[in-house]
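The values are calculated or read from the model by the stated rules, or taken from the named source; none is laboratory data. The structure presented is a predicted model; accordingly, all values stated were derived computationally and were not measured. Glycine also receives a Cβ, built like all others from the backbone with ideal geometry; neighbour counts cover every protein chain displayed.
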Amino acid sequence: MPVSTSKIPSPSQIPPFYCCYLLQSDKKTKSFYIGSTPDPYRRLRQHNGDLKSGGAKKTHKDTSRPWNMICLVSGFPSKVSALQFERAWQHPVNSKHIARDHTNLLSLKATGPRSKTARISSLDKHLAVLRALCVHTSHYRLKLNVTFIDQTAAEVWHKNKFKLPSIPLHHSLIDAFSVEPVQEEYRQAHGTTLDALKKLRANDNQHQHIYDITDERLAACANPICGICAEKINFPVQEALVCYNNCGSIWHNKCIANQLLGERSSNIIPTRGQCPSCTGILIWSDMARDLSRRIGEHIIESESDHSDF
Ligand SMILES: [Zn+2]
Ligand SMILES: [Zn+2]
């Protein structure tokens, strides 16, 4: 595999929104499904058959539909990290991402062929495994967001039946259901909270205003010229960065990255700096996330279709 000699890491190393989620069947409340996706809104519609294509086979039975997306976890530093988390959540028995104490507490030790394939069929257990994953050293330092879209799930989480430790303070716990009440009628027809999921996708935490500014600027400017090297930007969607302080400046991503790096050339990635035009503060990771989102929109994402039951 060729090693890149470029000083600027690919912006795709910082993923756009990607989450792991827990589904619960509305009809069979002991049926669960754990998956991951860049777009929970679209994904839930696939699971419930509102969209023709996609959705795991395990969720296709009419006897289980509709599925409710009751909880999701986001904020992973890479897709690989999210997929590892998903895998451990699905297969917690003897997982290296769960502390031994917690493995014992949750009886997640494989002691024979039967227990190895034992299904986890209670909400308490799925959420306890989630908590054990959040506090494990491999995830402790990340800044994860645990979002509850279902009030009962949030209550089960707070009850903490297995007395596991609290998640670290720098993780955030979000009660989406209290922000976006679920219409009962709608829930019965389509599963949970499509509106809440749609909003979640749109919000993508605090980055939406940056996306709006860049989208508007790129749409208004057919042949942009880089404000630093004065050359044409050939592929604006894939390589342009825009000053999100809204001064209208537009650059090659490499030009502004080098500018922000400045004298500190021993660093590989810039962290923050001033816009050369308006002197407003620019945070590199915010700009890289925006670029990553634009590139991501041109890639057909494949969700994983593993099942834990
Ligand atoms: Zn340039
Ligand atoms: Zn500016």
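In segment 239-263, how many residues are under 18 Å from residue 209 (Cβ atoms) and either more than 15 Å from ligand 2 (Cβ to nearest atom) or not in a loop (DSSP other than H, G, I, E, B) (or both)?
Residues meeting the conditions: 4.
Mind counting the residues in segment 187-238 that are surrounded by 11 or more Cβ atoms within 10 Å (Cβ to Cβ), modelled with pLDDT of 60 or more, away from ligand 1 (no atom under 16 Å from the Cβ) and part of a loop (DSSP other than H, G, I, E, B)? Count: 1. When residue 146 is tested against the conditions (1) in a helix (DSSP H, G or I); (2) closer than 15 Å to residue 19 by Cβ; (3) β-branched (Val, Ile, Thr), the lone failure is (1).
Of all residue pairs spaced 6 or more apart or on separate chains, those with beta-carbon atoms under 9 Å, a first member in segment 224-247 that is farther than 19 Å from residue 293 by Cα and a second member that is within 10 Å of ligand 1 (Cβ to nearest atom) and among the polar types (S, T, N, Q) are 228/258; 228/259.
Just to be sure, is residue 46 polar (S, T, N, Q), at pLDDT 80 or above and not in a strand (DSSP E or B)? It is true that residue 46 is polar (S, T, N, Q), at pLDDT 80 or above and not in a strand (DSSP E or B).
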